[in-house]
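A.B. asks: Handing you this structure, nothing more for now.
The values are calculated or read from the model by the stated rules, or taken from the named source; none is laboratory data. If you're wondering where the values come from, they're calculated on a predicted model, not measured in any experiment. Here the Cβ positions follow ideal geometry from the backbone for every residue, glycine too, while neighbour counts run over all protein chains shown. Just so you know, the surface numbers come from the protein's heavy atoms only, side chains and all, with ligands and any DNA or RNA stripped out. Shrake-Rupley method; radii C 1.70, N 1.55, O 1.52, S 1.80 Å.
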Amino acid sequence: MCFQEKALPNLNNYSTRYTIITIIKLRYSMNQKWILAKVKADAEEGINFGDIIQFKENLYKSLVRELLQNSLDERRNEKDPVRVVISDFQLRTKDFPGKDQYSKHVENCIEHWSGSAQDNERSFFNGIKKTLQSLNINVLRFSDFNTNGITGSDYELMTSAEKNTPWKVLVKQESSSTKGASQSGSYGIGKYAAFAASKMNTVFYSTYDKNGLKAYEGVSKLATHTFQNQVYGSRWYYGNTDEKYDELSRAVPELLNLDPTFVRNEVGSDVFIMGFDSEDEYWQEKMQLAIVSDFFIPIHEGSLEVGIGKTRISTETLEGIYSDLISKFDIHGLTKYRDETVIASQFYRVLTDTKTLEFTKNFDGLGEAVLQVIYHPDFNRRVIRTREVGMTLFSQGNISSNFGFAGIVRLKGKKLSQLFRNMENPAHNRWGVDYTKPEFKQQSKALLEQLNAWIRNTIRENAVDERITEMDVVGLGNFLPLEDFRDTGKTKTVDISGTIQISTSTKPKKKTDYTIQGIIETQGQEDDESENTAIDTRPTGKPNNSEGGTGTPFSVGIQPGKKPLRQLLYGKEYVARYVGTSSTKSLLHIQANCDISNPEIQFAVSGESGTGEVLEILNATNRKTNKEYNVIDNKIMLGDIEANEIVELQFQT
C-alpha cells in the first residue's frame, strides 16, 4: 500500500511520525540502489565538470536564477503566484539514501584517483568521506507550489529524443531542454547550478505532478572509478532497477521525505541539494539579494512569492526587503553587496515611481518591446533586458554618461521572445547573433540592432523631459563626456573637465570640443573712471573654490563710460548639463539656484591644436517655451532667470 501523506497531520508526536515514514520507506527499498553504468577503461572523467564549475563563481545568484525560473516556467494557476520555499535542514547521515553503497563507491574513487598528480580528485572525495562519517549532512531544499511539478517521470526507457519528457531531460540528459518560447531556459545546463552548491555533487529530485504521478530520483556527478576490475562512469543514479536494462535507473514512484519538518501534500516539486555548503553566515541575505535583483518583476506583479528562512518576499514586502538588506550589508561591512542592493532597488523604482516614462515599439507583428525608464542623477545608467516571464536576463549600459537613469525593456509576444531567446548565451546574460541558427542570423541581427537603437535613442531623446531637472549637477565645468546621439560613425569620448566633446564628423580622428565660457550677470552701473580690466575669455585651468571643476573665474572687459557691471557666475548660482546634439542643433539645460539678472552665455571651440575660438551662434531658442533669444557677438542673451527656473537652451551653430 502506498504511503498516504494526508494521514500525517493527525500525528502529533514528531518521533512517531518520523518512525512511520522510515518504516514505510523500507517497504520500497528492496529495488532501490545507486546504479552506475559501465564504461570503457579509457573513457575516464574527473570531477572538474565545466558545466558545474561555471556556476560556482557566483553561486547564490546562479542557484536562485536557475531554480526559480524553472518554477515560474511551470506556473499552474495564473490567478495565484508561484510559491517557492528555500530552507536548509540537517539530515541524519544514516538516512542518506543508499548510504552504505554510496560510501563504498566513494572509497573506490579515492583509491582510483590516488595518484600524486590527482590532488583535486583526492581532496574532493576525502571531503565526501568526511561528510559521510559525520552525524548529520546539511541539505538545502527548494520546494515550489502552484506549479505543474516535473511531468513525465514514467517515461519509457531507451526511447528516442522525440519522446523526451521534462523529467527525463532534467534527470538523465546532458545539455538538453524542452522549454518553449515564453520560458526562461534554453540550453539545459542550468540544472548544474544545484550541483555547484553541493559539496557532494549530489542532488535528489522529487515531484507530485499535475497528472497525479509521484516520483523521486537521485543524481551524483562524480568521477569514473574502478570496482572489481570494472570501470564505472561518472554519473550515478539512485532509483529503481529495471528488469530489462540493469544499468538504467527508473524513478521511484513515491515522494521523497527527507526533511522531518516538511511533507508535500499538493502538486509541485522539491529539489534536495545534499551537502549544501552553508559556511557563509550571510548566505540567506545573499540569496535574498539575488531574488530581488533577478525576480523583482514577477514578485512585484504578484506572479512569484519566495520564503527563505523566516523572510517572506512578496509584492507587499519587496520594498522593505531592499531597505533591510542595505542596512544589514552596511552594518557588517559587506560593501559590495550593499552597492548591488542599491542598484537593484533603482530598477525596482522603475516599476513603482510615478515619474517613470513608458514607451512601446512594435516589431512588424512579431511582438512588441515595452521600455520603462526613470531619470535620476544617482542612477546606474543601465537598462535591464527581460522577456515575458520577467526574470532579469542582463543589464546593458553604453547609452549615455551625461545623465543618470535606470530602465527596463521587456519583450512581449511568443514570436519575438523566441527569436531573442535563440540569441541568448547559455548564461542568459547576453544577446548575440553568434548563438542563433544560421538561417536566422540575418533576421536576428536586424532585430537586435533595431531594438538597441530604439532603446538608446528613446532614452536620449526623452532625457530633456522637465521631470529630470533634479538630476542636473552643480557647475558648468563639471561635465561628463558626451556620446554622439547619431547612429553614424564612431565617437571617442574623453573626460575633460570644463569641456564638452561633440562629434562633428564621422571620421574617427576628427573632433571638436565646445568649451562653455561662463554665465555673466548684469549687476548695476559702472562709472567712467573705473579701472579697465584686461579681457581673458578662457579659464586658466587653475583650481578655484567653486563646485564646478577647474578654471579660475575670468574677467570680462569693461569699456569707458557707463556700462553695466557684470560678474561671472561660476558653479553655485546655477546647475547645468549638456544634454545632446543633432547634426545642426545642440541642447543645454540650465537651472538657476537664485534670481539672475540678464545673463548671457558664450561658447568657445578648441580643436586639436588646443587654441580657443569663440563659437559662432546662428540662433538660439528656449525649447520649452519657444522663446527666441537675441544673439549679439555670438553671446546668447538669456534675459532674466528666476530662481529654480529651467532653461532648455537650444542653439544652432
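A.B. asks: Leaving ligands, DNA and RNA out of it, work out the accessible area of Asp434 with a 1.4 Å probe and give it in Å² to the nearest 10.
C.D. replies: 120
A.B. asks: Using a simple spin-label model with points 7 Å from Cα along the Cα→Cβ vector, what separation in nm is obtained for Gln443 and Asn622?
C.D. replies: 5.1
A.B. asks: Rank these by accessible area, largest first, 1.4 Å probe: Asp51, Asp100.
C.D. replies: Largest accessible area first, the list is Asp100, Asp51.
A.B. asks: Take the cross-link list Lys168/Lys221; Lys56/Lys210; Lys56/Lys437; Lys99/Lys191 and give me the ones stretching past 25 Å between alpha-carbons.
C.D. replies: Correct reply: Lys56/Lys210; Lys56/Lys437.
A.B. asks: Given 0.36 nm per residue, what is the gain on full extension from Glu266 to Glu281 after removing their alpha carbon distance, in nm?
C.D. replies: Length difference between fully extended and current span is 2.2 nm.
A.B. asks: Give the long-range amide H neighbours of Lys199: residues separated by 5 or more places, or on another chain, with amide H under 5 Å away, using H modelled in the peptide plane at 1.01 Å from N.
C.D. replies: Phe276, Asp277
A.B. asks: So how exposed is Glu316, as accessible area in Å² (1.4 Å probe, rounded to 10)?
C.D. replies: Roll a 1.4 Å probe over it and Glu316 shows about 130 Å².
A.B. asks: With every protein chain kept in the model, how would you rank Lys355, Lys635 by accessible area, 1.4 Å probe, largest at the top?
C.D. replies: Lys355, Lys635
A.B. asks: Could you give the nm distance between label points at Ser114 and Lys163, where each point is 7 Å from its Cα heading toward the beta carbon?
C.D. replies: Going by the 7 Å Cα→Cβ label model, 4.5 nm.
A.B. asks: Once you put a point 7 Å from the Cα of Glu301 and another 7 Å from the Cα of Thr352, both along the Cβ direction, what distance in nm separates them?
C.D. replies: Result: 1.8 nm between the two label points.
A.B. asks: Ok, one more. Could you sort 646-653, 385-392 so that the peptide with the highest average Cβ count within 10 Å comes first and the rest follow in order?
C.D. replies: Packing order, densest peptide first, comes out as 385-392, 646-653.
A.B. asks: Suppose R0 equals 41 Å; then what is the FRET efficiency for Asn634 and Lys412 from their Cβ-Cβ distance, rounded to the nearest 0.05? Write down the numbers at each step before the final one.
C.D. replies: On the way: r = 50 Å, r/R0 = 1.21.
Computed FRET efficiency for Asn634 and Lys412: 0.25.
A.B. asks: Need one value: the accessible area of Lys104 in square angstrom, 1.4 angstrom probe, rounded to the nearest 10.
C.D. replies: Surface accessible to solvent at Lys104 totals approximately 140 Å².
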